[in-house]
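J.: I have a structure I would like to understand better, so I am pasting it below and will then ask my questions one at a time.
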Amino acid sequence: VNKAVQTMSKWGVPTVTFDNKSEHHKQQLIEGAAELCAIFRDRFGLDLFVAYGVLLGFTRAGDFIGHDDDFDLAYISPLKTKAEIYRQSVEIVEALIGLGYQVRLTSYGQYKLIKRAKRERLKFEIFVGWTEEDRTYLYFGIDKGVDPSAFLPIGQRDFHGVSLPIPNDPARVNAAIYGPGWREPDPDFRYELDKEKWRPFLFLRSAPNLGYWNDYYAGKRPDEPWSLSPSPFAAFTAEHRERGRLLEIGCGNGRDSLFFASQGFDVHGVDYCETAVALCAERARQAAAPAQFEPLNLYDVAQVAAFINANADAFDTLYARFFVHAVTETGEAELLKLAARVLKPGGRVYLEFRTREDGRAAVGRPISDSEREDGHYRRFIDVDALIEHAGRHGFSVAYRVAGHGMAAFGGEDPHVARLVLEKPRDGAGAD
Ligand SMILES: C[S@@+](CC[C@H](N)C(=O)[O-])C[C@H]1O[C@@H](n2cnc3c(N)ncnc32)[C@H](O)[C@@H]1O
(Lines give C-alpha, C1' and ligand atoms only; values in the text may rest on other atoms or scores of the structure.)
Protein backbone atom coordinates (compact mmCIF):
# COMPACT_ATOMS: atom_id res chain seq x y z
CA VAL A 1 0.00 0.00 0.00
CA ASN A 2 1.25 3.45 -0.90
CA LYS A 3 1.92 5.49 2.26
CA ALA A 4 1.31 8.71 0.29
CA VAL A 5 -2.42 7.98 0.23
CA GLN A 6 -2.78 7.86 4.01
CA THR A 7 -5.56 9.98 5.45
CA MET A 8 -7.16 10.34 8.90
CA SER A 9 -9.63 7.65 9.93
CA LYS A 10 -12.85 8.52 11.76
CA TRP A 11 -10.87 7.96 15.00
CA GLY A 12 -8.23 10.55 14.02
CA VAL A 13 -5.54 7.93 13.28
CA PRO A 14 -3.58 7.94 10.00
CA THR A 15 -4.78 5.12 7.76
CA VAL A 16 -5.46 4.10 4.17
CA THR A 17 -9.19 4.34 3.53
CA PHE A 18 -11.31 2.32 1.08
CA ASP A 19 -11.01 5.16 -1.47
CA ASN A 20 -7.38 4.15 -1.88
CA LYS A 21 -7.55 0.40 -1.37
CA SER A 22 -7.37 -2.09 -4.21
CA GLU A 23 -10.31 -4.25 -5.27
CA HIS A 24 -8.14 -7.19 -4.27
CA HIS A 25 -7.86 -5.84 -0.71
CA LYS A 26 -11.63 -5.30 -0.47
CA GLN A 27 -12.28 -8.83 -1.74
CA GLN A 28 -9.88 -10.29 0.83
CA LEU A 29 -11.60 -8.29 3.53
CA ILE A 30 -15.02 -9.61 2.54
CA GLU A 31 -13.69 -13.15 2.53
CA GLY A 32 -12.04 -12.52 5.90
CA ALA A 33 -15.42 -11.35 7.23
CA ALA A 34 -17.03 -14.57 5.97
CA GLU A 35 -14.33 -16.55 7.75
CA LEU A 36 -14.99 -14.68 11.01
CA CYS A 37 -18.73 -15.34 10.67
CA ALA A 38 -17.96 -19.07 10.36
CA ILE A 39 -15.62 -18.97 13.40
CA PHE A 40 -18.23 -17.23 15.54
CA ARG A 41 -20.93 -19.67 14.44
CA ASP A 42 -18.89 -22.87 14.81
CA ARG A 43 -16.86 -22.04 17.93
CA PHE A 44 -19.11 -19.73 19.89
CA GLY A 45 -22.60 -20.53 18.51
CA LEU A 46 -23.07 -16.84 17.64
CA ASP A 47 -24.43 -15.16 14.51
CA LEU A 48 -22.01 -12.43 13.54
CA PHE A 49 -23.44 -9.92 11.04
CA VAL A 50 -22.28 -6.93 9.03
CA ALA A 51 -22.67 -3.72 11.04
CA TYR A 52 -21.95 0.00 11.29
CA GLY A 53 -20.05 1.65 8.40
CA VAL A 54 -20.02 -1.41 6.13
CA LEU A 55 -23.74 -2.02 6.59
CA LEU A 56 -24.42 1.70 6.06
CA GLY A 57 -22.33 1.87 2.89
CA PHE A 58 -23.80 -1.24 1.31
CA THR A 59 -27.44 -0.48 2.19
CA ARG A 60 -26.98 3.12 1.00
CA ALA A 61 -24.93 2.65 -2.18
CA GLY A 62 -23.95 -1.01 -2.54
CA ASP A 63 -20.30 -0.46 -1.59
CA PHE A 64 -17.84 0.46 1.14
CA ILE A 65 -17.83 4.04 2.39
CA GLY A 66 -14.79 5.74 0.84
CA HIS A 67 -13.42 7.29 4.02
CA ASP A 68 -13.81 4.11 6.13
CA ASP A 69 -10.95 1.65 6.57
CA ASP A 70 -12.14 -1.51 8.33
CA PHE A 71 -14.87 -4.15 8.21
CA ASP A 72 -17.42 -3.82 11.01
CA LEU A 73 -19.18 -6.87 12.40
CA ALA A 74 -21.42 -7.43 15.43
CA TYR A 75 -23.33 -10.09 17.31
CA ILE A 76 -26.27 -10.02 19.69
CA SER A 77 -25.41 -12.15 22.69
CA PRO A 78 -28.27 -14.42 23.75
CA LEU A 79 -26.97 -14.39 27.34
CA LYS A 80 -29.08 -12.73 29.99
CA THR A 81 -26.80 -11.29 32.66
CA LYS A 82 -24.19 -8.60 32.16
CA ALA A 83 -21.59 -10.74 33.94
CA GLU A 84 -22.19 -13.57 31.44
CA ILE A 85 -22.10 -11.24 28.42
CA TYR A 86 -18.80 -9.75 29.64
CA ARG A 87 -17.30 -13.19 30.36
CA GLN A 88 -18.38 -14.47 26.95
CA SER A 89 -16.61 -11.55 25.28
CA VAL A 90 -13.41 -12.18 27.28
CA GLU A 91 -13.46 -15.83 26.20
CA ILE A 92 -14.07 -14.92 22.55
CA VAL A 93 -11.16 -12.46 22.54
CA GLU A 94 -8.88 -15.08 24.12
CA ALA A 95 -9.91 -17.63 21.49
CA LEU A 96 -9.35 -15.17 18.62
CA ILE A 97 -5.83 -14.46 19.91
CA GLY A 98 -5.26 -18.22 19.97
CA LEU A 99 -6.36 -18.36 16.32
CA GLY A 100 -3.68 -15.84 15.37
CA TYR A 101 -5.69 -12.63 15.24
CA GLN A 102 -4.01 -9.55 16.64
CA VAL A 103 -6.51 -7.86 18.97
CA ARG A 104 -6.76 -4.27 20.20
CA LEU A 105 -9.45 -3.73 22.79
CA THR A 106 -11.32 -0.50 23.14
CA SER A 107 -13.50 -2.47 25.51
CA TYR A 108 -15.09 -5.91 25.71
CA GLY A 109 -17.93 -4.37 23.68
CA GLN A 110 -15.72 -3.14 20.84
CA TYR A 111 -12.36 -4.38 19.61
CA LYS A 112 -10.23 -4.36 16.50
CA LEU A 113 -8.90 -7.51 14.89
CA ILE A 114 -5.98 -7.57 12.52
CA LYS A 115 -5.28 -10.53 10.31
CA ARG A 116 -2.30 -10.80 8.02
CA ALA A 117 -3.07 -12.63 4.79
CA LYS A 118 -0.90 -12.78 1.67
CA ARG A 119 0.93 -9.48 2.32
CA GLU A 120 -2.38 -7.76 3.19
CA ARG A 121 -3.21 -6.39 6.62
CA LEU A 122 -6.94 -6.95 7.04
CA LYS A 123 -8.72 -4.87 9.68
CA PHE A 124 -12.02 -5.81 11.30
CA GLU A 125 -13.92 -4.35 14.21
CA ILE A 126 -16.27 -6.39 16.38
CA PHE A 127 -19.16 -4.89 18.38
CA VAL A 128 -21.25 -6.61 21.03
CA GLY A 129 -25.02 -6.37 21.37
CA TRP A 130 -27.48 -7.81 23.88
CA THR A 131 -31.17 -7.79 24.70
CA GLU A 132 -32.58 -6.50 27.96
CA GLU A 133 -36.27 -6.18 28.77
CA ASP A 134 -37.21 -6.65 25.12
CA ARG A 135 -34.88 -3.95 23.80
CA THR A 136 -31.72 -4.74 21.88
CA TYR A 137 -28.63 -2.62 22.57
CA LEU A 138 -25.50 -2.37 20.45
CA TYR A 139 -22.24 -1.27 21.99
CA PHE A 140 -21.36 2.33 21.11
CA GLY A 141 -24.21 3.04 18.69
CA ILE A 142 -27.52 1.98 20.22
CA ASP A 143 -27.75 3.10 23.83
CA LYS A 144 -31.53 3.35 24.09
CA GLY A 145 -32.27 -0.03 22.52
CA VAL A 146 -34.43 -0.99 19.54
CA ASP A 147 -37.04 -3.68 19.08
CA PRO A 148 -35.16 -6.99 18.72
CA SER A 149 -36.84 -7.55 15.34
CA ALA A 150 -34.56 -4.87 13.86
CA PHE A 151 -31.74 -7.43 14.22
CA LEU A 152 -33.35 -10.85 14.42
CA PRO A 153 -33.81 -13.13 12.60
CA ILE A 154 -30.55 -12.53 10.79
CA GLY A 155 -30.80 -12.16 6.99
CA GLN A 156 -28.26 -12.43 4.17
CA ARG A 157 -27.10 -10.19 1.35
CA ASP A 158 -24.51 -10.19 -1.34
CA PHE A 159 -21.24 -8.28 -0.83
CA HIS A 160 -19.34 -8.26 -4.14
CA GLY A 161 -20.24 -11.88 -4.82
CA VAL A 162 -19.98 -13.16 -1.22
CA SER A 163 -23.14 -13.75 0.79
CA LEU A 164 -22.84 -12.41 4.34
CA PRO A 165 -25.25 -12.18 7.29
CA ILE A 166 -26.96 -8.83 7.93
CA PRO A 167 -29.55 -7.62 10.46
CA ASN A 168 -33.17 -8.43 9.69
CA ASP A 169 -34.01 -4.77 9.02
CA PRO A 170 -30.85 -2.79 8.13
CA ALA A 171 -32.82 0.43 7.62
CA ARG A 172 -34.06 0.39 11.21
CA VAL A 173 -30.59 -0.44 12.54
CA ASN A 174 -29.01 2.39 10.52
CA ALA A 175 -31.69 4.83 11.70
CA ALA A 176 -31.11 3.83 15.33
CA ILE A 177 -27.37 4.48 14.99
CA TYR A 178 -27.12 7.40 12.56
CA GLY A 179 -30.56 9.01 12.86
CA PRO A 180 -33.45 9.29 10.39
CA GLY A 181 -31.25 11.01 7.77
CA TRP A 182 -28.94 7.99 7.43
CA ARG A 183 -29.65 7.58 3.70
CA GLU A 184 -27.88 10.87 2.85
CA PRO A 185 -24.08 10.81 3.27
CA ASP A 186 -23.11 13.39 5.91
CA PRO A 187 -19.39 14.19 5.94
CA ASP A 188 -19.83 16.07 9.23
CA PHE A 189 -21.48 13.18 11.08
CA ARG A 190 -20.10 12.82 14.61
CA TYR A 191 -21.11 10.37 17.32
CA GLU A 192 -22.31 12.04 20.49
CA LEU A 193 -20.40 10.52 23.35
CA ASP A 194 -21.70 12.11 26.52
CA LYS A 195 -21.71 10.40 29.91
CA GLU A 196 -25.38 9.53 29.76
CA LYS A 197 -24.95 7.73 26.44
CA TRP A 198 -22.09 5.63 27.84
CA ARG A 199 -23.94 4.39 30.92
CA PRO A 200 -25.50 1.25 29.34
CA PHE A 201 -22.10 0.22 27.99
CA LEU A 202 -20.01 0.61 31.14
CA PHE A 203 -20.28 -3.04 32.15
CA LEU A 204 -18.16 -3.97 29.12
CA ARG A 205 -15.27 -1.63 30.02
CA SER A 206 -11.87 -3.30 29.83
CA ALA A 207 -10.30 -0.91 32.36
CA PRO A 208 -12.84 -0.54 35.20
CA ASN A 209 -11.88 1.65 38.18
CA LEU A 210 -9.09 3.29 36.20
CA GLY A 211 -10.66 6.73 36.77
CA TYR A 212 -10.29 6.27 40.52
CA TRP A 213 -6.60 5.31 40.29
CA ASN A 214 -5.84 8.09 37.82
CA ASP A 215 -7.30 10.65 40.25
CA TYR A 216 -5.47 9.00 43.12
CA TYR A 217 -2.02 9.26 41.54
CA ALA A 218 -2.54 12.56 39.71
CA GLY A 219 -0.78 15.38 41.50
CA LYS A 220 1.46 13.05 43.52
CA ARG A 221 5.03 14.27 43.27
CA PRO A 222 8.01 11.94 42.76
CA ASP A 223 9.72 13.22 45.93
CA GLU A 224 6.82 13.07 48.41
CA PRO A 225 8.20 11.54 51.63
CA TRP A 226 5.06 9.49 52.49
CA SER A 227 5.54 7.39 49.43
CA LEU A 228 9.25 6.73 49.77
CA SER A 229 9.30 3.96 52.38
CA PRO A 230 8.69 0.36 51.28
CA SER A 231 5.83 -1.75 52.61
CA PRO A 232 6.61 -4.36 55.32
CA PHE A 233 5.76 -7.05 52.73
CA ALA A 234 8.48 -5.74 50.39
CA ALA A 235 10.98 -5.99 53.25
CA PHE A 236 9.76 -9.55 53.96
CA THR A 237 10.15 -10.48 50.28
CA ALA A 238 13.65 -8.98 49.97
CA GLU A 239 14.71 -10.84 53.11
CA HIS A 240 13.60 -14.24 51.78
CA ARG A 241 14.05 -14.04 48.06
CA GLU A 242 17.19 -14.59 46.03
CA ARG A 243 18.12 -11.67 43.72
CA GLY A 244 17.28 -11.77 40.03
CA ARG A 245 14.61 -10.38 37.74
CA LEU A 246 11.51 -9.22 39.63
CA LEU A 247 8.19 -8.24 38.06
CA GLU A 248 5.88 -6.08 40.17
CA ILE A 249 2.23 -6.05 39.10
CA GLY A 250 0.16 -3.05 40.21
CA CYS A 251 3.27 -1.15 41.25
CA GLY A 252 1.34 2.04 42.12
CA ASN A 253 3.70 4.85 43.15
CA GLY A 254 6.70 2.52 42.89
CA ARG A 255 7.76 2.56 46.52
CA ASP A 256 8.30 -1.22 46.60
CA SER A 257 9.76 -1.46 43.09
CA LEU A 258 12.36 1.21 43.93
CA PHE A 259 13.15 -0.50 47.20
CA PHE A 260 13.71 -3.82 45.39
CA ALA A 261 15.98 -2.03 42.93
CA SER A 262 17.99 -0.60 45.85
CA GLN A 263 18.31 -4.15 47.23
CA GLY A 264 19.92 -5.55 44.08
CA PHE A 265 16.89 -6.85 42.17
CA ASP A 266 16.52 -6.12 38.47
CA VAL A 267 13.01 -4.63 38.54
CA HIS A 268 10.23 -4.39 35.96
CA GLY A 269 7.07 -2.66 37.24
CA VAL A 270 3.66 -2.56 35.56
CA ASP A 271 0.37 -0.88 36.37
CA TYR A 272 -2.66 -0.02 34.23
CA CYS A 273 -2.62 3.54 35.53
CA GLU A 274 -0.35 5.52 33.21
CA THR A 275 -0.12 8.37 35.73
CA ALA A 276 1.35 5.91 38.23
CA VAL A 277 3.73 4.44 35.64
CA ALA A 278 5.02 7.92 34.74
CA LEU A 279 5.53 8.71 38.44
CA CYS A 280 7.52 5.47 38.92
CA ALA A 281 9.64 6.10 35.83
CA GLU A 282 10.48 9.61 37.03
CA ARG A 283 11.42 8.35 40.49
CA ALA A 284 13.63 5.63 38.98
CA ARG A 285 15.30 8.23 36.76
CA GLN A 286 15.97 10.55 39.71
CA ALA A 287 17.41 7.67 41.76
CA ALA A 288 19.28 6.18 38.75
CA ALA A 289 17.71 2.87 39.85
CA PRO A 290 17.79 -0.36 37.80
CA ALA A 291 14.02 -0.35 37.37
CA GLN A 292 11.83 -0.11 34.28
CA PHE A 293 8.13 0.61 34.14
CA GLU A 294 5.42 0.17 31.53
CA PRO A 295 1.63 0.30 31.42
CA LEU A 296 -0.10 -3.09 31.48
CA ASN A 297 -3.80 -3.68 32.07
CA LEU A 298 -4.43 -7.10 33.61
CA TYR A 299 -8.07 -6.99 32.49
CA ASP A 300 -7.00 -6.74 28.87
CA VAL A 301 -6.39 -10.31 27.70
CA ALA A 302 -4.83 -9.03 24.47
CA GLN A 303 -2.27 -6.90 26.34
CA VAL A 304 -1.54 -9.80 28.71
CA ALA A 305 -1.02 -12.18 25.77
CA ALA A 306 1.43 -9.72 24.17
CA PHE A 307 3.30 -9.29 27.47
CA ILE A 308 3.56 -13.08 27.88
CA ASN A 309 4.93 -13.43 24.34
CA ALA A 310 7.57 -10.81 24.99
CA ASN A 311 8.55 -12.16 28.45
CA ALA A 312 8.16 -15.94 28.45
CA ASP A 313 10.17 -17.55 31.32
CA ALA A 314 11.85 -14.18 31.93
CA PHE A 315 11.38 -13.52 35.67
CA ASP A 316 12.55 -15.13 38.91
CA THR A 317 9.96 -13.41 41.08
CA LEU A 318 6.50 -11.96 40.55
CA TYR A 319 5.43 -9.58 43.32
CA ALA A 320 1.94 -8.10 43.72
CA ARG A 321 0.97 -6.30 46.89
CA PHE A 322 -2.61 -5.17 47.54
CA PHE A 323 -3.34 -6.02 43.92
CA VAL A 324 -5.42 -9.23 44.02
CA HIS A 325 -8.07 -7.56 46.18
CA ALA A 326 -8.05 -4.48 43.90
CA VAL A 327 -9.09 -6.46 40.80
CA THR A 328 -12.07 -8.57 39.71
CA GLU A 329 -11.95 -12.32 39.11
CA THR A 330 -10.88 -11.59 35.53
CA GLY A 331 -7.84 -9.72 36.91
CA GLU A 332 -7.01 -12.62 39.22
CA ALA A 333 -7.31 -15.14 36.37
CA GLU A 334 -5.04 -13.08 34.11
CA LEU A 335 -2.52 -12.59 36.95
CA LEU A 336 -2.19 -16.35 37.50
CA LYS A 337 -2.08 -17.10 33.79
CA LEU A 338 0.64 -14.49 33.32
CA ALA A 339 2.60 -15.72 36.36
CA ALA A 340 2.55 -19.31 35.06
CA ARG A 341 4.06 -18.16 31.77
CA VAL A 342 6.52 -15.37 32.59
CA LEU A 343 8.22 -17.01 35.58
CA LYS A 344 11.20 -19.27 35.11
CA PRO A 345 10.76 -22.87 36.31
CA GLY A 346 11.01 -22.74 40.11
CA GLY A 347 10.11 -19.03 40.06
CA ARG A 348 7.98 -17.63 42.87
CA VAL A 349 4.92 -15.43 43.25
CA TYR A 350 4.70 -13.17 46.33
CA LEU A 351 1.17 -11.95 47.09
CA GLU A 352 -0.28 -9.88 49.92
CA PHE A 353 -4.00 -9.05 49.92
CA ARG A 354 -7.07 -8.41 52.07
CA THR A 355 -9.02 -11.53 53.06
CA ARG A 356 -12.70 -12.20 53.71
CA GLU A 357 -11.99 -11.66 57.43
CA ASP A 358 -11.00 -8.04 56.85
CA GLY A 359 -13.25 -5.48 58.59
CA ARG A 360 -13.78 -3.56 55.37
CA ALA A 361 -15.50 -6.60 53.85
CA ALA A 362 -18.65 -5.43 55.66
CA VAL A 363 -18.36 -1.73 54.79
CA GLY A 364 -19.69 0.17 51.75
CA ARG A 365 -21.99 -0.87 48.94
CA PRO A 366 -22.09 -4.62 48.28
CA ILE A 367 -21.53 -5.60 44.63
CA SER A 368 -21.51 -9.37 45.25
CA ASP A 369 -20.78 -11.71 48.17
CA SER A 370 -17.10 -10.81 48.12
CA GLU A 371 -17.01 -7.41 46.39
CA ARG A 372 -17.64 -3.93 47.80
CA GLU A 373 -17.57 -0.36 46.60
CA ASP A 374 -16.39 1.97 49.37
CA GLY A 375 -14.89 5.02 47.67
CA HIS A 376 -13.37 2.43 45.35
CA TYR A 377 -13.65 -1.23 44.36
CA ARG A 378 -12.37 -4.06 46.58
CA ARG A 379 -12.76 -7.84 46.48
CA PHE A 380 -12.17 -9.76 49.70
CA ILE A 381 -10.24 -12.92 49.02
CA ASP A 382 -10.98 -16.47 50.12
CA VAL A 383 -7.41 -17.77 50.53
CA ASP A 384 -8.28 -21.44 49.92
CA ALA A 385 -10.14 -20.56 46.72
CA LEU A 386 -7.17 -18.54 45.47
CA ILE A 387 -4.78 -21.43 46.25
CA GLU A 388 -7.08 -23.82 44.41
CA HIS A 389 -7.18 -21.43 41.43
CA ALA A 390 -3.35 -21.13 41.48
CA GLY A 391 -3.10 -24.93 41.63
CA ARG A 392 -4.94 -25.13 38.30
CA HIS A 393 -2.05 -23.14 36.81
CA GLY A 394 0.47 -25.58 38.28
CA PHE A 395 1.50 -23.57 41.36
CA SER A 396 2.20 -25.10 44.76
CA VAL A 397 2.13 -23.21 48.05
CA ALA A 398 5.58 -22.48 49.50
CA TYR A 399 4.37 -20.25 52.36
CA ARG A 400 1.05 -19.03 53.69
CA VAL A 401 -0.01 -16.91 56.64
CA ALA A 402 -3.02 -14.71 57.41
CA GLY A 403 -3.92 -12.29 60.18
CA HIS A 404 -3.54 -8.75 61.48
CA GLY A 405 -0.35 -6.82 62.20
CA MET A 406 1.29 -7.28 58.80
CA ALA A 407 0.06 -4.25 56.86
CA ALA A 408 -0.96 -1.63 59.43
CA PHE A 409 -1.16 1.81 57.82
CA GLY A 410 -2.72 5.15 58.77
CA GLY A 411 -4.61 3.83 61.81
CA GLU A 412 -5.94 0.76 59.99
CA ASP A 413 -4.75 -2.79 60.62
CA PRO A 414 -6.35 -4.87 57.87
CA HIS A 415 -6.72 -8.65 57.93
CA VAL A 416 -4.37 -9.76 55.16
CA ALA A 417 -2.86 -12.94 53.81
CA ARG A 418 0.66 -13.46 52.56
CA LEU A 419 1.00 -16.20 50.03
CA VAL A 420 4.13 -17.48 48.29
CA LEU A 421 3.51 -19.75 45.29
CA GLU A 422 6.08 -21.76 43.37
CA LYS A 423 6.09 -22.70 39.72
CA PRO A 424 7.19 -26.32 39.16
CA ARG A 425 10.90 -26.71 38.44
CA ASP A 426 10.35 -29.06 35.51
CA GLY A 427 7.79 -26.67 33.99
CA ALA A 428 5.10 -29.39 34.14
CA GLY A 429 1.54 -28.56 35.03
CA ALA A 430 1.58 -24.89 34.15
CA ASP A 431 -0.87 -23.91 31.43
C1 LIG B 1 -4.13 -0.82 46.22
S2 LIG B 1 -3.05 -0.28 44.97
C3 LIG B 1 -1.53 -1.04 45.47
C4 LIG B 1 -0.32 -0.28 44.99
C5 LIG B 1 1.04 -0.84 45.49
N6 LIG B 1 1.24 -2.22 45.09
C7 LIG B 1 1.14 -0.72 46.99
O8 LIG B 1 1.06 -1.76 47.66
O9 LIG B 1 1.28 0.40 47.48
C10 LIG B 1 -3.58 -1.24 43.57
C11 LIG B 1 -2.83 -0.91 42.28
O12 LIG B 1 -3.26 -1.79 41.26
C13 LIG B 1 -3.42 -1.07 40.06
N14 LIG B 1 -4.39 -1.80 39.23
C15 LIG B 1 -5.72 -1.98 39.47
N16 LIG B 1 -6.28 -2.69 38.49
C17 LIG B 1 -5.30 -3.00 37.61
C18 LIG B 1 -5.25 -3.73 36.40
N19 LIG B 1 -6.34 -4.28 35.87
N20 LIG B 1 -4.07 -3.87 35.76
C21 LIG B 1 -2.95 -3.32 36.28
N22 LIG B 1 -2.92 -2.60 37.41
C23 LIG B 1 -4.09 -2.44 38.08
C24 LIG B 1 -3.87 0.31 40.49
O25 LIG B 1 -3.62 1.28 39.51
C26 LIG B 1 -3.08 0.50 41.77
O27 LIG B 1 -1.85 1.13 41.50
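The values are calculated or read from the model by the stated rules, or taken from the named source; none is laboratory data. What you are looking at is a predicted structure, and each value in this text was computed from that prediction instead of being measured. As a convention, Cβ positions derive from the backbone with ideal geometry for all residues, glycine included, and neighbour counts pool all protein chains shown. The protein model used for the area step is the full one, side chains on, heavy atoms only, and it has no ligands, DNA or RNA in it. Shrake-Rupley method; radii C 1.70, N 1.55, O 1.52, S 1.80 Å.
J.: Pairs only if they're at least six apart or on different chains, beta carbon under 9 angstrom, first in the range 59-71 and in contact (Cβ under 8 Å) with a residue 12 or more places away in the chain, second part of a loop (DSSP other than H, G, I, E, B) and acidic (D, E); list them, first residue then second.
T.: Every condition considered, the pairs that remain are R60/E184.
J.: Next question, about the same structure. Return yes when E31 is in contact (Cβ under 8 Å) with a residue 12 or more places away in the chain and open to solvent by 60 Å² or more (accessible area, probe 1.4 Å) and no when it is not.
T.: Criteria met by E31.
J.: On to the next question. So V363 clears everything in (1) surrounded by 17 or more Cβ atoms within 10 Å (Cβ to Cβ); (2) over 30 Å from A314 (Cβ atoms) except one condition, right? Which one?
T.: Going through the list (1) surrounded by 17 or more Cβ atoms within 10 Å (Cβ to Cβ); (2) over 30 Å from A314 (Cβ atoms), V363 breaks only (1).
To keep it simple, each residue is scored yes or no on (1) at pLDDT 95 or above; (2) assigned to a loop (DSSP other than H, G, I, E, B); (3) within 30 Å of V420 (Cα to Cα).
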position: P165; (1), (2), (3): yes, no, no
position: A171; (1), (2), (3): yes, no, no
position: I177; (1), (2), (3): yes, no, no
position: D188; (1), (2), (3): no, yes, no
position: L193; (1), (2), (3): no, yes, no
position: K197; (1), (2), (3): no, no, no
position: E239; (1), (2), (3): yes, no, yes
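J.: If D134 passes every condition in (1) closer than 17 Å to L79 by Cβ; (2) in contact with a strand residue (DSSP E or B) (Cβ under 7 Å, 6 or more places away or on another chain) but one, which one does it miss?
T.: Only one criterion in (1) closer than 17 Å to L79 by Cβ; (2) in contact with a strand residue (DSSP E or B) (Cβ under 7 Å, 6 or more places away or on another chain) is unmet by D134, namely (2).
J.: Would you mind telling me which numbered condition in (1) open to solvent by 10 Å² or more (accessible area, probe 1.4 Å); (2) within 13 Å of the ligand (Cβ to nearest atom) V270 fails?
T.: (1)
J.: For the range 251-267, give me the residue count where each residue is away from the ligand (no atom under 12 Å from the Cβ), polar (S, T, N, Q) and buried (at least 17 other Cβ atoms within 10 Å of the Cβ).
T.: Residues in the range 251-267 being away from the ligand (no atom under 12 Å from the Cβ), polar (S, T, N, Q) and buried (at least 17 other Cβ atoms within 10 Å of the Cβ): 1 in total.
J.: State whether the residues of the range 48-55 include one that is out of contact with any Cys (no Cβ under 8 Å at 6 or more places or on another chain), of a type in the set (A, V, I, L, M, F, W, C) and either open to solvent by 20 Å² or more (accessible area, probe 1.4 Å) or more than 19 Å from Y139 (Cα to Cα) (or both).
T.: no
J.: Moving on to the next point. What's the total number of residues in the range 131-163 that are assigned to a helix (DSSP H, G or I) and of a type in the set (A, V, I, L, M)?
T.: Summing the residues that are assigned to a helix (DSSP H, G or I) and of a type in the set (A, V, I, L, M) in the range 131-163 gives 1.
J.: Take the residues in the range 315-357 that are more than 13 Å from the ligand (Cβ to nearest atom) and acidic (D, E), then tell me which one is farthest from E84 (Cα to Cα).
T.: Only one residue tops the list, namely D316.
J.: Oh, and also: Anything in the range 290-310 that is in contact (Cβ under 8 Å) with a residue 40 or more places away in the chain and open to solvent by less than 20 Å² (accessible area, probe 1.4 Å)? List them, or say none.
T.: L296, N297, L298, Y299, D300, V301, A302
J.: Now a separate question. Working only within the range 39-57, note down all residues that are in contact with a Leu (Cβ under 9 Å, 6 or more places away or on another chain) and hydrophobic (A, V, I, L, M, F, W, C).
T.: Selection gives I39, F40, L48, F49, V50, A51, V54.
J.: Across the range 164-209, what is the number of residues that are more than 16 Å from the ligand (Cβ to nearest atom), surrounded by 11 or more Cβ atoms within 10 Å (Cβ to Cβ) and touching a residue at least 24 places away in the same chain (Cβ under 8 Å)?
T.: 19
J.: I've got another one for you. Could you say which residue among P290, P295 is under 28 Å from Q102 (Cα atoms) and either within 14 Å of the ligand (Cβ to nearest atom) or more than 27 Å from the chain's Cα centre (by Cα) (or both)?
T.: Values: P290 fails: under 28 Å from Q102 (Cα atoms).
On inspection, the qualifying residue turns out to be P295.
J.: Right, next: Pick out the one residue from I126, I154 that is more than 24 Å from G331 (Cβ to Cβ), β-branched (V, I, T) and touching a strand residue (DSSP E or B) at 6+ places or on another chain (Cβ under 8 Å).
T.: I154
J.: Something else about it: Just the residues that are of a type in the set (V, I, T) and surrounded by fewer than 21 Cβ atoms within 10 Å (Cβ to Cβ), please, taken from the range 110-139. So that I can check it myself, show each step before the final result.
T.: Applying the first criterion (of a type in the set (V, I, T)) to the range 110-139 yields 114, 126, 128, 131, 136.
Result: I114, T131.
J.: Which members of the range 145-163 meet the condition of being open to solvent by less than 30 Å² (accessible area, probe 1.4 Å) and aliphatic (A, V, I, L, M)?
T.: Scanning the range 145-163 gives V146, A150, V162.
J.: Can you tell me which residue is nearest to the chain's Cα centre (by Cα) among those in the range 315-355 that are under 25 Å from D426 (Cβ atoms) and open to solvent by 20 Å² or more (accessible area, probe 1.4 Å)?
T.: Within the range 315-355, the match that is nearest to the chain's Cα centre (by Cα) is A333.
J.: Which ones in the range 366-397 are touching a strand residue (DSSP E or B) at 6+ places or on another chain (Cβ under 7 Å), open to solvent by 50 Å² or more (accessible area, probe 1.4 Å) and either in contact (Cβ under 8 Å) with a residue 24 or more places away in the chain or under 15 Å from V416 (Cβ atoms) (or both)?
T.: S396, V397
J.: Hey, among I76, I142, which residue is out of contact with any helix residue (DSSP H, G or I) (no Cβ under 7 Å at 6 or more places or on another chain), of a type in the set (A, V, I, L, M) and crowded, with 17+ Cβ neighbours inside 10 Å?
T.: On the way: I142 fails: out of contact with any helix residue (DSSP H, G or I) (no Cβ under 7 Å at 6 or more places or on another chain).
Testing whether each residue is out of contact with any helix residue (DSSP H, G or I) (no Cβ under 7 Å at 6 or more places or on another chain), of a type in the set (A, V, I, L, M) and crowded, with 17+ Cβ neighbours inside 10 Å leaves just I76.
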